[in-house]
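Structure first, commentary second.
Here, each number is a calculation from the coordinates, and none is a lab measurement. Since we're looking at a predicted model, the values are computed, not measured. All Cβ positions, even for glycine, are placed from backbone atoms using ideal geometry, and neighbour counts span all protein chains on display.
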Amino acid sequence: MTISIPHPSEDHLGALPALPRDAGGPVFGAPWEAQAFAMTLSLHARGVFTWREWADTLAAELAAAAGRGAPDDGTRYYEHWLGALEKLIAQKHLVAADDLAHRVELWDAAARATPHGKPITI
């Protein structure tokens, strides 16, 4: 599967010091991580939110995880990224909170029912 990812500027990457990356840029452990990253950059490029809004929302999500005793060691970074994206989408009223919760439930059920290595469909 090929995922097209917009290229973020160094200024944007610099605002996210915990972002898993190598010399070539961001790195992803699974396709969904790249998809969440690409959705975020695409929404920003469309003017849905500023990069400062995004960085602040992600920082708050990471701080909340640390406050729950689950500081990120890099292995769950994109789970926090996705949580921040969901919050920002809800704050911007792009998807109703109930609809978002329903979609998360559908996705979770579909993922659990899908054999390993097969595409997940809802």
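For segment 19-34, backbone phi angles converted through the Karplus equation (6.51, -1.76, 1.60; θ = phi - 60°) give residue-by-residue couplings of 4, x, 7, 10, 4, x, x, x, 10, 10, x, 7, x, 5, 5, 5 Hz, Gly and Pro being listed as x. When the chain is treated as a GNM with alpha-carbon contacts under 10 Å, the residue of Trp54, Trp32, Trp107 showing the greatest mean-square fluctuation is Trp107. For segment 77-122, would you read off the P(r) tail past 16 Å as a percentage of all alpha carbon pairs? Distances greater than 16 Å cover 50 percent of the Cα pairs. Stretching the chain fully between Ala55 and His93 yields a gain of 11.8 nm (0.36 nm per residue, less the alpha carbon separation). Using a Gaussian network model of the chain with C-alpha springs under 10 Å, which one of Thr40, Thr75, Thr57 is most mobile by mean-square fluctuation? Largest GNM mean-square fluctuation: Thr75. Result for the chain in a Gaussian network model with C-alpha springs under 10 Å: among Ala96, Ala110, Ala36, the largest mean-square fluctuation is at Ala110. Here is how the number arises for the chain: DSSP H runs of 4 or more residues each give -39500 (n - 2.57), the sum is divided by the residue count, and the result at 222 nm is -18000 deg cm²/dmol. With R₀ set to 30 Å, the beta-carbon distance separating Met39 from Asp73 gives a calculated FRET efficiency near 0.80.
So for the chain, what percent of the C-alpha to C-alpha distances run longer than 17 Å? Don't skip to the end; give the middle numbers.
Numbers: 4549 of 7381 pairs.
Value for the chain (Cα pairs over 17 Å): 62 percent.
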